[in-house]
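These notes concern the structure reproduced below.
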Amino acid sequence: MIATTTRPAAAAAPPGHPLLQKLLTRPLPAVMGVLNVTPDSFSDGGRFLAPGDARAQAARLIAAGADIIDVGAESTRPYGSQPVSAEEEIARLRPVLADVVALGTPVSIDSMKAEVVAFAFEQGVAIANDVWGLQRDPDMANVIAARKNAPVIVMHNRAAVDASLDILKDIAEFFARSLQIAAKAGLPSSHIVLDPGIGFGKTPEQSMAALARLNELSVFGLPLLVGASRKRFISTVSPSEPQQRLGGSIAAHLISAQRGAKIIRTHDVAETVQALRVAQAIEDQR
């Protein structure tokens with residue numbers, strides 16, 4: 001169980017940010033569709049690198065029920081990815097972002113670089129999604145805070161796996177540091193969503209523990225996002241390649257929703273939306 005010495009326990013309050021309020025105060029979790037404009041993402045690298053393919057995929061995700069489109073131009077998979085410069089990341093995004101934004105569904109930018117996030121905001125992106133929780137790029141919190149209407153997703157990460165850790169304690173301590181950084185920059189807590197970072201800096205067992213104990217993170221009183229889609233921990237339970245992990249992804253996401261997740265990040269939007277709706281319909285019959 002997470003100690004609450006750094007922050008008092010609190011139930012997740014309705015988010016104060018207008019966009020988050022719209023997305024997260026409904027009976028079902030919001031669904032974030034993944035759009036990778038990269039050559040090397042672990043699941044769909046290269047498929048949507050061309051601008052026309054990226055826009056068409058975004059349109060398909062929206063038609064399937066996505067509430068947010070999360071666009072990333074650098075693979076952040078925790079094993080085997082190749083870092084790229086901010087210039088290269090922006091070059092991949094430049095022919096894509098404005099067209100995706102024009103589709104009318106809120107767009108988030110999946111980047112750990114403040115320069116890239118600032119560029120994305122200029123293109124109309126609404127949400128920052130930082131896989132290093134404001135702790136990698138020292139300018140990130142200030143860039144987001146300067147954009148008064150921008151929420152941010154703060155994800156837990158580690159530079160190295162340590163199987164001996166109580167991973168929920170580590171996640172909570174990381175979030176406490178991130179919230180201190182946000183407060184110093186003037187970024188309101190009502191603009192923040194927390195993501196335990198399934199698969200990042202964790203053993204498979206730690207990723208599953210983070211899902212099993214997700215409700216412990218309610219001590220922060222902030223909305224939670226979970227992205228377990230096609231992650232490698234699934235294959236340790238049921239050997240499979242990324243494209244064969246739909247069942248495991250849905251199982252993880254349904255459990256996450258039961259434990260308080262308000263956003264589900266997924267490659268498989270239609271199937272995830274259906275699973276969430278059916279699960280809720282069954283619960284409504286109790």
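What to note about this one:
- Mean shadow area of region 149-210 over all directions, Cα convex hull, nm²: 4.3 nm²
- Neighbourhood charge, 9 Å Cβ-Cβ cut-off, centred on residue 233 and excluding it, Lys, Arg +1 and Asp, Glu -1: +2
- Highest average packing first - 156-169, 59-72, Cβ atoms within 10 Å: 59-72, 156-169
- Counting 0.36 nm for each residue step from residue 286 to residue 47 and taking away their Cα separation leaves a gain of 81.8 nm.
- Over the chain, relative contact order from alpha-carbon pairs under 8 Å, at least 6 apart, %: 22 percent
- Dipole magnitude (debye, nearest 20) for region 179-285, charges at Cβ of Lys, Arg, Asp, Glu: 280 debye
- For residue 64, neighbours were defined as the other residues whose beta-carbon sits under 12 Å from its Cβ, and their charges (Lys and Arg +1, Asp and Glu -1) total -2.
- In region 52-142, chymotrypsin sites (Phe, Trp or Tyr not before Pro) in a DSSP loop with at most 13 other beta-carbon atoms within 10 Å: 79
- With every protein chain in place and a 1.4 angstrom probe, the accessible-area ranking of 115, 216, 271, largest first, reads 115, 271, 216.
- Size estimate for region 165-286 follows the Kirkwood approach: the inverse of mean 1/r over distinct Cα pairs works out to 15.3 Å.
- Taking a Cβ cut-off of under 11 Å around residue 187, the surrounding Lys, Arg, Asp and Glu residues balance to a net charge of +3, with basic ones at +1 and acidic ones at -1.
- Candidate values [x] 19.2; [y] 13.9; [z] 14.6 were compared with mean projected area of the Cα convex hull in nm² computed on the shown model; the agreeing label is [y].
- Computed 3J(HN,Hα) for region 154-171, one whole-Hz value per residue from the Karplus formula 6.51 cos²θ - 1.76 cosθ + 1.60 where θ = phi - 60°, is 9, 9, 6, 8, 9, 6, 9, 6, 9, 5, 7, 6, 7, 5, 5, 5, 5, 4, glycine and proline marked x.
The values are calculated or read from the model by the stated rules, or taken from the named source; none is laboratory data. This is a predicted model, so every value here is computed, not measured. All Cβ positions, glycine included, derive from the backbone under ideal geometry; neighbour counts span all protein chains shown. SASA here: full protein model, heavy atoms, side chains in, ligands and nucleic acids out. Shrake-Rupley method; radii C 1.70, N 1.55, O 1.52, S 1.80 Å.
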